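Below is one structure; the comments refer to it alone.
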Amino acid sequence: MSKILIIYGSSTGNTENVAKSVKEALGSCSLEVRLKNVKDTQPGELKEYDAIILGSSTWGMGELQDDFVPFEQGLRQVNLGSKRTAIFGCGDSEMYPDTFCEAVNILEKRLKSCGARIIADSLKIDGEIESSQKRAQDWAKKIAGILRKE
Ligand SMILES: Cc1cc2nc3c(=O)[nH]c(=O)nc-3n(C[C@H](O)[C@H](O)[C@H](O)COP(=O)(O)O)c2cc1C
(Lines give C-alpha, C1' and ligand atoms only; values in the text may rest on other atoms or scores of the structure.)
Protein backbone atom coordinates (compact mmCIF):
# COMPACT_ATOMS: atom_id res chain seq x y z
CA MET A 1 0.00 0.00 0.00
CA SER A 2 1.31 3.49 -0.86
CA LYS A 3 2.31 5.62 2.12
CA ILE A 4 1.40 9.24 1.52
CA LEU A 5 2.58 12.33 3.38
CA ILE A 6 0.63 15.59 3.14
CA ILE A 7 2.59 18.64 4.30
CA TYR A 8 0.81 21.96 4.68
CA GLY A 9 1.74 25.52 5.58
CA SER A 10 -1.12 27.73 6.67
CA SER A 11 -1.29 31.11 8.44
CA THR A 12 -5.04 31.51 9.01
CA GLY A 13 -6.15 27.88 8.75
CA ASN A 14 -7.48 27.76 5.18
CA THR A 15 -4.82 25.52 3.67
CA GLU A 16 -4.86 23.42 6.83
CA ASN A 17 -8.59 22.81 6.37
CA VAL A 18 -8.15 21.90 2.71
CA ALA A 19 -5.31 19.57 3.73
CA LYS A 20 -7.66 17.82 6.17
CA SER A 21 -10.23 17.31 3.40
CA VAL A 22 -7.56 15.90 1.12
CA LYS A 23 -6.45 13.52 3.87
CA GLU A 24 -10.01 12.41 4.55
CA ALA A 25 -10.65 11.73 0.85
CA LEU A 26 -7.42 9.74 0.42
CA GLY A 27 -8.17 7.82 3.61
CA SER A 28 -11.62 6.92 2.27
CA CYS A 29 -9.80 5.32 -0.68
CA SER A 30 -8.00 3.02 1.78
CA LEU A 31 -4.64 4.74 1.45
CA GLU A 32 -2.27 5.21 4.37
CA VAL A 33 -2.00 8.98 4.86
CA ARG A 34 -0.11 11.15 7.32
CA LEU A 35 -0.78 14.89 7.68
CA LYS A 36 1.93 17.21 8.99
CA ASN A 37 2.39 20.92 9.48
CA VAL A 38 5.44 22.05 7.52
CA LYS A 39 6.87 23.71 10.62
CA ASP A 40 7.17 20.26 12.26
CA THR A 41 8.65 18.59 9.18
CA GLN A 42 12.21 18.15 7.90
CA PRO A 43 12.85 17.66 4.16
CA GLY A 44 14.76 14.44 4.97
CA GLU A 45 11.50 12.81 6.14
CA LEU A 46 10.16 12.72 2.59
CA LYS A 47 12.18 9.67 1.64
CA GLU A 48 10.10 7.52 4.04
CA TYR A 49 7.00 7.96 1.87
CA ASP A 50 5.92 6.77 -1.58
CA ALA A 51 4.04 9.94 -2.43
CA ILE A 52 4.18 13.51 -1.16
CA ILE A 53 1.48 16.19 -1.35
CA LEU A 54 2.50 19.76 -0.56
CA GLY A 55 0.03 22.55 0.25
CA SER A 56 0.93 26.21 0.75
CA SER A 57 -1.05 29.40 0.72
CA THR A 58 0.49 32.48 -0.94
CA TRP A 59 1.49 35.55 1.09
CA GLY A 60 3.36 38.81 0.58
CA MET A 61 3.30 39.36 -3.15
CA GLY A 62 3.50 35.85 -4.52
CA GLU A 63 5.54 34.25 -1.75
CA LEU A 64 5.36 30.95 0.04
CA GLN A 65 3.53 30.83 3.37
CA ASP A 66 6.12 31.79 6.03
CA ASP A 67 6.66 28.33 7.54
CA PHE A 68 7.27 26.90 4.07
CA VAL A 69 10.25 29.15 3.36
CA PRO A 70 12.93 27.21 5.33
CA PHE A 71 11.45 23.89 4.23
CA GLU A 72 11.64 24.87 0.56
CA GLN A 73 15.23 25.99 1.06
CA GLY A 74 16.05 22.63 2.69
CA LEU A 75 14.42 20.79 -0.21
CA ARG A 76 17.08 22.18 -2.55
CA GLN A 77 19.55 19.66 -1.09
CA VAL A 78 17.21 16.67 -1.44
CA ASN A 79 17.07 14.23 -4.33
CA LEU A 80 13.49 13.02 -4.66
CA GLY A 81 14.31 10.41 -7.28
CA SER A 82 11.11 9.91 -9.18
CA LYS A 83 8.91 10.21 -6.12
CA ARG A 84 5.27 10.88 -6.92
CA THR A 85 4.05 14.30 -5.83
CA ALA A 86 1.16 16.75 -6.10
CA ILE A 87 0.63 20.34 -4.99
CA PHE A 88 -2.27 22.46 -3.79
CA GLY A 89 -2.68 25.90 -2.29
CA CYS A 90 -5.05 28.69 -1.31
CA GLY A 91 -4.98 32.21 -2.65
CA ASP A 92 -7.16 35.12 -3.69
CA SER A 93 -7.34 36.05 -7.37
CA GLU A 94 -9.55 39.09 -6.77
CA MET A 95 -7.12 40.82 -4.39
CA TYR A 96 -3.91 39.42 -5.91
CA PRO A 97 -4.58 38.77 -9.60
CA ASP A 98 -0.92 38.96 -10.63
CA THR A 99 0.38 36.58 -7.98
CA PHE A 100 -2.61 34.27 -7.58
CA CYS A 101 -1.47 31.04 -5.90
CA GLU A 102 2.13 31.74 -6.87
CA ALA A 103 3.30 29.51 -3.98
CA VAL A 104 1.91 26.54 -5.91
CA ASN A 105 4.04 27.51 -8.92
CA ILE A 106 7.12 27.90 -6.69
CA LEU A 107 6.62 24.41 -5.22
CA GLU A 108 6.03 22.87 -8.65
CA LYS A 109 9.37 24.23 -9.84
CA ARG A 110 11.18 23.10 -6.70
CA LEU A 111 9.80 19.56 -6.81
CA LYS A 112 10.71 19.22 -10.48
CA SER A 113 14.23 20.44 -9.78
CA CYS A 114 14.53 17.79 -7.04
CA GLY A 115 13.68 15.12 -9.60
CA ALA A 116 10.14 14.44 -8.34
CA ARG A 117 7.32 13.42 -10.64
CA ILE A 118 4.17 15.58 -10.45
CA ILE A 119 1.30 13.18 -11.05
CA ALA A 120 -1.70 15.55 -11.21
CA ASP A 121 -2.49 19.13 -12.18
CA SER A 122 -2.04 21.35 -9.14
CA LEU A 123 -5.11 22.47 -7.23
CA LYS A 124 -5.53 26.23 -6.72
CA ILE A 125 -8.28 27.24 -4.32
CA ASP A 126 -9.58 30.77 -4.83
CA GLY A 127 -11.09 32.84 -1.98
CA GLU A 128 -13.19 31.27 0.73
CA ILE A 129 -12.61 27.57 0.96
CA GLU A 130 -16.01 26.16 1.96
CA SER A 131 -17.33 26.00 -1.60
CA SER A 132 -14.09 24.35 -2.73
CA GLN A 133 -13.91 21.49 -0.27
CA LYS A 134 -15.73 19.14 -2.64
CA ARG A 135 -13.30 20.12 -5.40
CA ALA A 136 -10.41 19.34 -3.06
CA GLN A 137 -11.87 15.94 -2.25
CA ASP A 138 -12.44 15.13 -5.92
CA TRP A 139 -8.84 16.15 -6.63
CA ALA A 140 -7.61 13.84 -3.86
CA LYS A 141 -9.68 10.94 -5.20
CA LYS A 142 -8.18 11.47 -8.65
CA ILE A 143 -4.73 11.24 -7.07
CA ALA A 144 -5.75 8.08 -5.23
CA GLY A 145 -6.78 6.56 -8.57
CA ILE A 146 -3.44 7.47 -10.16
CA LEU A 147 -1.47 6.05 -7.22
CA ARG A 148 -3.43 2.81 -7.33
CA LYS A 149 -2.83 2.28 -11.04
CA GLU A 150 0.94 2.73 -10.88
C1 LIG B 1 -1.11 40.27 3.27
C2 LIG B 1 -1.68 39.20 2.36
C3 LIG B 1 -1.00 38.88 1.20
C4 LIG B 1 -1.51 37.91 0.33
N5 LIG B 1 -0.86 37.66 -0.87
C6 LIG B 1 -1.43 36.81 -1.76
C7 LIG B 1 -0.85 36.60 -3.05
O8 LIG B 1 0.18 37.18 -3.42
N9 LIG B 1 -1.45 35.72 -3.90
C10 LIG B 1 -2.60 35.06 -3.55
O11 LIG B 1 -3.11 34.28 -4.38
N12 LIG B 1 -3.18 35.22 -2.34
C13 LIG B 1 -2.63 36.08 -1.44
N14 LIG B 1 -3.22 36.27 -0.21
C15 LIG B 1 -4.45 35.52 0.13
C16 LIG B 1 -4.16 34.27 1.00
O17 LIG B 1 -3.31 33.38 0.34
C18 LIG B 1 -5.49 33.59 1.30
O19 LIG B 1 -6.19 34.38 2.25
C20 LIG B 1 -5.35 32.16 1.80
O21 LIG B 1 -6.63 31.56 1.87
C22 LIG B 1 -4.69 32.06 3.17
O23 LIG B 1 -4.52 30.72 3.47
P24 LIG B 1 -3.93 30.18 4.87
O25 LIG B 1 -4.92 30.52 5.93
O26 LIG B 1 -3.81 28.72 4.68
O27 LIG B 1 -2.61 30.84 5.07
C28 LIG B 1 -2.72 37.23 0.67
C29 LIG B 1 -3.37 37.56 1.86
C30 LIG B 1 -2.88 38.53 2.69
C31 LIG B 1 -3.65 38.88 3.95
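For the structure I just gave you, tell me whether residue 123 is away from the ligand (no atom under 11 Å from the Cβ) and under 12 Å from residue 57 (Cα atoms). Spelling it out, residue 123 is indeed away from the ligand (no atom under 11 Å from the Cβ) and under 12 Å from residue 57 (Cα atoms).
For the stretch 78-88, the criterion of a residue being surrounded by fewer than 20 Cβ atoms within 10 Å (Cβ to Cβ) and touching a Pro at 6+ places or on another chain (Cβ under 6 Å) is satisfied by at least one position. With respect to the stated conditions, residue 52 is surrounded by 13 or more Cβ atoms within 10 Å (Cβ to Cβ), more than 16 Å from the ligand (Cβ to nearest atom) and β-branched (Val, Ile, Thr). Residue 88 - would you say it is in contact with a Gly (Cβ under 8 Å, 6 or more places away or on another chain), modelled with pLDDT of 95 or more and assigned to a strand (DSSP E or B)? The answer is yes for residue 88. All of 40, 92 fail the test of being of a type outside the set (Val, Ile, Thr), more than 13 Å from the chain's Cα centre (by Cα) and under 23 Å from residue 132 (Cβ atoms), apart from 92. Exactly one residue out of 3, 20 is in contact (Cβ under 8 Å) with a residue 40 or more places away in the chain and among the basic types (Lys, Arg): that is 3.
Just so you know, in the stretch 12-36 the residues that are within 11 Å of the ligand (Cβ to nearest atom), surrounded by fewer than 20 Cβ atoms within 10 Å (Cβ to Cβ) and under 15 Å from the mean Cα position of the chain (by Cα) include one that is farthest from residue 139 (Cα to Cα), and it is 13. When the criteria are applied in full, residue 54 fails the requirement of being of a type in the set (A, V, I, L, M, F, W, C) and not in a strand (DSSP E or B). Scanning the stretch 93-115 for residues that are in contact with a helix residue (DSSP H, G or I) (Cβ under 9 Å, 6 or more places away or on another chain), assigned to a loop (DSSP other than H, G, I, E, B) and crowded, with 17+ Cβ neighbours inside 10 Å yields a count of 1. Which residues, taken from the stretch 60-77, are surrounded by fewer than 18 Cβ atoms within 10 Å (Cβ to Cβ), within 12 Å of residue 110 (Cβ to Cβ) and not charged (D, E, K, R)? Selection gives 69, 73, 74, 77.
The values are calculated or read from the model by the stated rules, or taken from the named source; none is laboratory data. It should be emphasised that the depicted structure is a prediction, and the values quoted were computed from it without experimental measurement. Note that we place each Cβ from the backbone using ideal geometry, even for glycine, and neighbour counts take in every protein chain shown.
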